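Reviewing the structure listed below.
The values are calculated or read from the model by the stated rules, or taken from the named source; none is laboratory data. Please read all numbers here as calculations on a predicted model, not as lab measurements. Note that we place each Cβ from the backbone using ideal geometry, even for glycine, and neighbour counts take in every protein chain shown.
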Amino acid sequence: MIELQNVAYSYGGGELFNDISLKLAPGSFHFLTGPSGVGKSTFLKLCYMELAATSGQVRVFGADASQMTRDDIARNRRRIGVVHQDCKFLDHLPLAANVALPLTVAGRDASAEAANLTELLNWVGLSQHTDALPPQLSGGERQRAALARAVIMSPDVILADEPTGNVDWEMSQRLLSLLVELNRMGKTIMVATHDLALIRAAKAQVGARVLRIQNQSVQLAGADL
Amino acid sequence: MNQAIVALRALFVGDVHADRVVPPTGYTAWLTLFVSGAMAFLAVFALALSLATGRLADRWSSELARSSTLRISAPSGQMAAQTQAALEVLRTTPGVASARALDEAEQRALLEPWFGPDLPVDSLPIPQLIEVIEDNDGFDAEGLRQRLAGEAPGAVLDDHTRWRTPLVKAADRLRLLGVISIILIAATTAAMITLAANAALAANLQVIRVLRLVGARDVYIARAFVRRFTLRALVGAGVGTVLAMIAVAILPDAQAAGGFLTGLGFQGVHWLLPLLIPPLAAIVSFWATRTAALRTLGGMT
């Protein structure tokens, strides 16, 4: 699905990653952890091509990201659902339109998939809030809406950046179970989180692997979690 | 061709959902409308000016070119004979449609504005004037002068070229100024629309970023902006053009006063020309917004 080969990334200040090689196999469930500021979000951004690797190669669905045109990137993003840390909604559109946004921008008729949308909003427990504007929702509701938007295109890969960052434990359990359910449906999942309790809870439900960012590199964490 | 139709249809009919993804903008919309309206208004006047001066130049050169004057200054004894000889020369000159010696009353009428009505023309050594009307081909002025020098030595041919040329040149220059004004107006419109579009793009940077992240292609995002600005420019320019055309139509008729003002306006099919201004404004706006949008998008991932 997504493959990194000897990837390095550096920004003005210095080098964040050095020589990372990693392969996300179809149907796998990964956690990405490490202290905050270590580059978890940056790592995800390399995966959904918001950032380009300074050296090495990022291959998305078999194609070299650095060789893709802007339209190629747009089309590939439709196959990657991303749950952003800060959700990134269009605040002037109601929740239902925001969740359906990937369909809209892909030129698909959102009204033709209204049944899908309703089912999806039910699944994340937001069917009562379809007409609410994003700023009117609570943190947990926004996170669930972001998850709904990430999966509406039925993507092959779902990347979630601190999806439980500002929700309580109970809500993070609900989000986790939604992600686990998606993984059982065959989606490749990667969740960046610093919440070790969440990872432990997940390991009870799914065969998740844990990647830790350390010393500018990504390592497979041991069984200590 | 089909693609172009689909693109045009998308532009005008639009996609309700695509339109909604960019939040509505309040006052920049009105500014764009106002700017395109004002620019169209000015463009109509620049167009009227260049068309009117163009007509003026044509009229001056054709009317004056078709008539010339022969002036015969001779001692009173030879006047009649020389006039007769000159008329004979003119009659046999190819390109001269008619030639006629002005009679006394006509000559007096010509002098009246300068010397008053009571001028005793008889007692003054006034030259005899002969009005020469050319046919369409015109005559060879130099050849005529040489023949006249032999037959009627007191005759001087004035084919009006001397004072016609600077007038026509002035009118042509005015027409050029009008054309330059129209080009400047179009360029200014493009510049202002670009500024407005850049403001709208900057205000919606967050929206654009979100659209990119959920997989929108550049053309999709650009279209949302391009459509708005194109329609605003079209509507604004339409209103401005209609108002300016009404203003030109009700310009007081200066026929009596004569002169240059007489012709400022449109005649006949020229009334259709200003109707090109709104579509041209829309094209300028389309191009300016699209360029601005794609440039902004090129700067983000």
- Out of (1) of a type outside the set (F, W, Y); (2) free of Cβ contacts under 8 Å to residues at least 12 places away in the same chain; (3) surrounded by 13 or more Cβ atoms within 10 Å (Cβ to Cβ), what's the single condition that is false for A:Q205? (2)
- Query: Mind checking which residues of the stretch A:2-55 are in contact with a Gly (Cβ under 8 Å, 6 or more places away or on another chain) and either in a loop (DSSP other than H, G, I, E, B) or not assigned by TED's automatic domain parsing to the domain that holds A:A202 (or both)?
  - Reply: A:P26, A:G27
- Residue identified as surrounded by 13 or more Cβ atoms within 10 Å (Cβ to Cβ), assigned to a helix (DSSP H, G or I) and touching a strand residue (DSSP E or B) at 6+ places or on another chain (Cβ under 6 Å) among B:L157, B:L148, B:L51, B:L111: B:L148
- Task: Just name the residue that is farthest from the chain's Cα centre (by Cα) out of those in the stretch B:192-230 that are free of Cβ contacts under 8 Å to residues at least 24 places away in the same chain, more than 13 Å from B:A293 (Cβ to Cβ) and assigned to a helix (DSSP H, G or I).
- Result: B:L213
- Just one of A:S111, A:S138, A:S172 is among the polar types (S, T, N, Q) and touching a residue at least 24 places away in the same chain (Cβ under 8 Å); which is it? A:S172
- Hey, any hits in the stretch A:171-179 for a residue that's in contact with a Phe, Trp or Tyr (Cβ under 9 Å, 6 or more places away or on another chain) and either assigned by TED's automatic domain parsing to the domain that holds A:F17 or not in a loop (DSSP other than H, G, I, E, B) (or both)? yes
- When the stretch A:77-89 is examined, which residues are found to be under 17 Å from A:E141 (Cα atoms), at the interface with chain B (Cβ under 8 Å from one of its Cβ atoms), outside any strand (DSSP E or B) and in contact with a Lys or Arg (Cβ under 9 Å, 6 or more places away or on another chain)? A:K88, A:F89
- Message: Restricting to the stretch A:159-202, count the residues that are at negative phi, among the charged types (D, E, K, R) and surrounded by 15 or more Cβ atoms within 10 Å (Cβ to Cβ).
- Response: 4
